[in-house]
Each structure stands twice: as structure tokens, then as C-alpha cells.
1. Compute, for the chain, the length of the dipole vector about the Cα centre, with Cβ point charges of +1 (Lys, Arg) and -1 (Asp, Glu) only. Units Debye, rounded to 20.
2. What's the carbon and sulfur percent of the chain's accessible surface, probe 1.4 angstrom, rounded to a whole number?
3. In square angstrom, what is the accessible area per residue of the chain with a 1.4 angstrom probe?
4. In nanometres, what is the gap between the two model label sites at Ile78 and Ala5, each 7 Å from Cα along Cα-to-Cβ?
5. Mind pulling up the Rg/Rh value for the chain? Radius of gyration and Kirkwood radius, both on Cα.
6. How do Ile12, Ile44, Ile56, Ile78 rank by accessible surface area computed with a 1.4 Å probe, from largest to smallest?
7. Among the GluC sites (Glu not before Pro) within segment 5-81, which fall in a DSSP loop and have no more than 12 other Cβ atoms within 10 Å of their own Cβ?
8. Please compute the modelled spin-label separation between Glu57 and Ser21, points set 7 Å along Cα→Cβ, answer in nm with one decimal.
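The values are calculated or read from the model by the stated rules, or taken from the named source; none is laboratory data. This structure is a prediction, so every number in the text was calculated from the model and none was measured. Because the Cβ atoms are built from the backbone with ideal geometry, glycine has one as well, and the counts that use them run over all protein chains shown. Side chains included, ligands, DNA and RNA excluded: accessible areas come from the protein's heavy atoms. Shrake-Rupley method; radii C 1.70, N 1.55, O 1.52, S 1.80 Å.
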Amino acid sequence: VFVEAKWKEKEIIAYSRDGYSGKKWVMPESWKGLKSVDLYEISINGLELNESGRNIEKGRLELSLDKDQAVSIVPSGINNH
């Protein structure tokens with residue numbers, strides 16, 4: 001799953017039940033022009049910064065998730081949590 005969280009100004013939620021490696025997701029049109037994002041691990045304990053400054057290349061975000069992993073994706077440098 002890779003969906004915009006419409007209840008926030010700029011946030012995408014990604015989740016995988018089985019996990020995957022190196023998948024390239026097309027960023028939503030409303031994110032056009034962004035160069036990088038921060039990834040936050042979503043867990044029962046809340047959000048924890050997983051990676052800062054992941055590059056968006058040609059409008060695509062390359063992402064790898066472990067089994068049953070969920071992340072919140074936000075523009076770099078903007079902690080809107």
C-alpha cells in the first residue's frame with residue numbers, strides 16, 4: 001500500500017504485509033517538485049525517524065519494506081507529526 005494521508009497536508013503511508021525490496025513508487029502529482037523525503041517507522045510505540053533525506057528521482061521514490069512494516073513519508077525537514 002502506498003497512499004496519501006488526506007487528513008494531513010503532506011504525508012504518504014506505505015505498508016507491506018509480505019515485504020519488498022527496491023520498489024519504485026510514483027509520487028503523487030501534489031508532491032511534484034520535491035527532491036527528498038523523510039521516512040518514519042510507524043509502530044505501536046508511535047513514530048520514529050528511520051531515514052532523513054531519501055532522494056526522489058524522476059518523480060519516483062525507491063522504497064524497501066520489511067514484512068508487516070509501515071512507514072510515514074513526509075517532505076524532508078518538515079516534521080508534521
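1. For this selection, approximately 340 debye.
2. C and S atoms contribute 48 percent here.
3. 66 Å²
4. Computed distance between label sites Ile78 and Ala5 equals 1.3 nm.
5. Rounded to two decimals, Rg/Rh equals 0.92.
6. The residues order as Ile44, Ile78, Ile56, Ile12, largest area first.
7. For GluC sites (Glu not before Pro) across segment 5-81 that sit outside H, G, I, E and B with at most 12 neighbouring Cβ atoms in 10 Å, the list reads Glu9.
8. Distance between label points: 1.7 nm.
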